[in-house]
Amino acid sequence: MESIGEKLRSRRQEEGYSLDQVCRDTNIAKSYLEALEQEDFSAFPGEPYLIGFLRNYSDYLGLDVNEMISLYKNFKIQEQPVPMDELLVKRGPSPVLLILVGLTVLAAAGAGVLFFPRLNKPVSSAAGETAAQEQVNEVSASADESLFLFTDEIVEQRFETGTRIEIPDLGPEYSISLLEAGDQVRLSLAGEETSLNLGEERRLDLNGDGRDDLNLLVRDIDSAAGTTVLRLDKAVTGPEQPAVITEDIPVGTTQLASGRCLPRFCTGRLLRR
């Protein structure tokens, strides 16, 4: 059976792609691409990063993403050693001891019914079922979410619904998640939901420090496929500072850097930015 690294490397070579080209097209560092092809999974900072890179790389090569992730999970299962106590043959308890234990349990249960009838009432398990369902939903959401690390200055590409865009400079809590691509693009920006129209551009201050972190532009929306083309640009500048009136100067003069005034072009007041 072909391994993960062999599948990635053989498909890349069939398509005639170099690692440098894949690095440019996917924005995945070349060292991580090499680690995936060599199955050196210890090179990644965490499993979510590994699965995200594997998902993006497999999709770029046209491989079945779910199959590649299943191969990785099977590899992890085979890699884990079997506990020693499971390899040892365990002797079962004596039949006589089992009978004595069973009789003791029955006697205790009968005493509980007689002396504590209130404890015999059925207890609703709705709260437990709700908590279990929430945990299942969280696991499913994590499995369906695709991670994209925005490490370059500018990137423009198509993203699927469920993709989470993370900026390593800011941290995972200030990520962008694509929630829906319909008539508008619905996004979660650092936990706050917002919607953008086709062609709409917006500067984002994700960490709330008063400085723009990046510029976001919606290039295209494919509502049928649930995808959108986004342009992300880190090369943004802060808002222009307003003019401040600092002092009065005589009519008919203009102040120079040296502090002297020349008689022309009266403004009445000096505006300094």
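The values are calculated or read from the model by the stated rules, or taken from the named source; none is laboratory data. Here the structure is a predicted model, which is why all the values come from computation and not from measurement. FYI the Cβ positions are ideal-geometry reconstructions off the backbone, even for glycines, and counts take in every protein chain you see. For the accessible areas, the whole protein counts, side chains as well, though only heavy atoms, and no ligand, DNA or RNA atoms are used. Shrake-Rupley method; radii C 1.70, N 1.55, O 1.52, S 1.80 Å.
Taking region 19-40 as the range and being among the charged types (D, E, K, R) and in contact (Cβ under 8 Å) with a residue 12 or more places away in the chain as the test, the residues that pass are 25, 34, 37, 39. Within region 150-188, the set of residues being in contact with a helix residue (DSSP H, G or I) (Cβ under 7 Å, 6 or more places away or on another chain) and either among the aromatic types (Phe, Trp, Tyr) or part of a strand (DSSP E or B) (or both) comprises just one member, 166.
Taking region 161-179 as the search range and keeping residues that are surrounded by 14 or more Cβ atoms within 10 Å (Cβ to Cβ) and over 16 Å from residue 146 (Cβ atoms), which one is modelled with the lowest pLDDT? So, considering only residues that are surrounded by 14 or more Cβ atoms within 10 Å (Cβ to Cβ) and over 16 Å from residue 146 (Cβ atoms), the one modelled with the lowest pLDDT is 170.
With respect to the stated conditions, residue 182 fails to be open to solvent by less than 50 Å² (accessible area, probe 1.4 Å), at pLDDT below 80, farther than 30 Å from residue 30 by Cα and among the small types (Gly, Ala, Ser). Restricting attention to region 1-30, and to residues there that are among the small types (Gly, Ala, Ser) and over 25 Å from residue 78 (Cβ atoms), which single residue is surrounded by the most Cβ atoms within 10 Å (Cβ to Cβ)? Residue satisfying both the conditions and the ranking: 29. Of the residues making up region 197-242, those that are modelled with pLDDT under 90, surrounded by 13 or more Cβ atoms within 10 Å (Cβ to Cβ) and not in a strand (DSSP E or B) are 205, 206, 207, 212, 213, 223, 226, 234, 236. Residues in region 33-59 that are open to solvent by 60 Å² or more (accessible area, probe 1.4 Å), of a type outside the set (D, E, K, R) and assigned to a helix (DSSP H, G or I): 38, 42, 48, 49. Here residue 78 meets the list (1) assigned to a helix (DSSP H, G or I); (2) modelled with pLDDT of 85 or more almost entirely, failing just condition (2).
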